[in-house]
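See below for the structure under consideration.
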Amino acid sequence: KIMTALVVLDQMNLEEIILLSKKAVDTYEDFGNLVVDERLSARNLLYIMLLQSSNDAAMALSEGVEQKKGGSILFINLMNQKAKEIDLADSFFTDPSGLNLDNISTAADLVKLTQYSLENPQYSFLWQVLGAKEIDVQSSDGAINHPLQTTNKLLGQIPEIIGGKTGYTEEAGECLILALRMPAGQYLINIILGAVLGERFIEAERLINWTKQVYFW
């Protein structure tokens, strides 16, 4: 979903409005509580996708980009083009939500992806979203309210954390990306992959504490 966000930020203005299709709303899970024919800005769909880990918001955003392109290119092709641009040699994307079993990546590539997004000012909105604990967003007509709360339980618990993204499928286990701001403006990027249920935040905190003990800034 971080790669999905980067492609959306490359291709769309945050205030562009996307009409939600039945296909998008029917995507597996309903964390975003989205409604068929609801209109939402790209900005608000990014909040829903990244804070609630909403698969239907990811699909809606991909459809919005494809429609803007006039159907001339598939969203997943833009994702894989971006992966080549960032030199993610061991990553391949087959859908915008991460549900498909053919999506692959590695801890090393996720570090590259996270570092790239942190170091490029055009993606500052991404980290504004990932650093939010909760927010309400509305449909473009104001008729539908979506109260959102981050799935990142360590946000606000460890002061250096500026944001992060959770992920889970049965095949991948619990996953987590965290970015921490350390002294002298440096970043510490923490990647947890394949954690057993309920363990990713425990493992991440252990790794952060260990890093603080053995490294100095």
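The values are calculated or read from the model by the stated rules, or taken from the named source; none is laboratory data. Note that the coordinates shown come from a computational prediction; the quantities given were computed from them, not determined experimentally. Cβ atoms come from the backbone with ideal geometry, glycine included; neighbour counts cover every protein chain shown. What goes into the accessible areas is simple: the full protein's heavy atoms, side chains included, and nothing from ligands, DNA or RNA. Shrake-Rupley method; radii C 1.70, N 1.55, O 1.52, S 1.80 Å.
In this structure, is residue 165 touching a strand residue (DSSP E or B) at 6+ places or on another chain (Cβ under 7 Å) and basic (Lys, Arg)? Answer is yes for this residue.
Inspect the stretch 138-146 for any residue being more than 21 Å from residue 75 (Cα to Cα) and either assigned to a helix (DSSP H, G or I) or under 15 Å from the mean Cα position of the chain (by Cα) (or both) and give the result as yes or no.
Checked against the condition, which is being more than 21 Å from residue 75 (Cα to Cα) and either assigned to a helix (DSSP H, G or I) or under 15 Å from the mean Cα position of the chain (by Cα) (or both), the stretch 138-146 yields no hits at all.
Residues in the stretch 19-36 that are over 14 Å from residue 146 (Cβ atoms), open to solvent by less than 60 Å² (accessible area, probe 1.4 Å) and either outside any loop (DSSP other than H, G, I, E, B) or basic (Lys, Arg) (or both): 24 alone. The set of residues in the stretch 94-115 that are touching a residue at least 40 places away in the same chain (Cβ under 8 Å) and open to solvent by less than 40 Å² (accessible area, probe 1.4 Å) comprises 96, 97, 98, 110, 113, 114. Of the residues examined, residue 162 is not one that is open to solvent by 20 Å² or more (accessible area, probe 1.4 Å), part of a strand (DSSP E or B) and touching a residue at least 40 places away in the same chain (Cβ under 8 Å). Among residues of the stretch 48-60 being surrounded by fewer than 24 Cβ atoms within 10 Å (Cβ to Cβ) and within 10 Å of the chain's Cα centre (by Cα), the one that is farthest from residue 114 (Cα to Cα) is 52. Out of the stretch 151-165, which residues are hydroxyl-bearing (Ser, Thr, Tyr) and at pLDDT 95 or above? Listed by number, the list is empty, since nothing qualifies. So, of the residues in the stretch 165-195 that are over 25 Å from residue 58 (Cα atoms) and without any contact (Cβ under 8 Å) to a residue 24 or more places away in the chain, which turns out to be surrounded by the most Cβ atoms within 10 Å (Cβ to Cβ)? Step by step, filter the stretch 165-195, then rank; the result is 181.
With respect to the conditions (1) exposed (fewer than 11 other Cβ atoms within 10 Å of the Cβ); (2) in a strand (DSSP E or B), residue 210 falls short on a single one, namely (2). Selection of the stretch 139-152 for residues being open to solvent by 50 Å² or more (accessible area, probe 1.4 Å), among the polar types (S, T, N, Q), touching a residue at least 40 places away in the same chain (Cβ under 8 Å) and more than 23 Å from residue 165 (Cβ to Cβ) yields only 140. When 110, 78, 45 are screened for being part of a helix (DSSP H, G or I), of a type in the set (A, V, I, L, M), within 13 Å of the chain's Cα centre (by Cα) and within 16 Å of residue 9 (Cβ to Cβ), only 45 passes.
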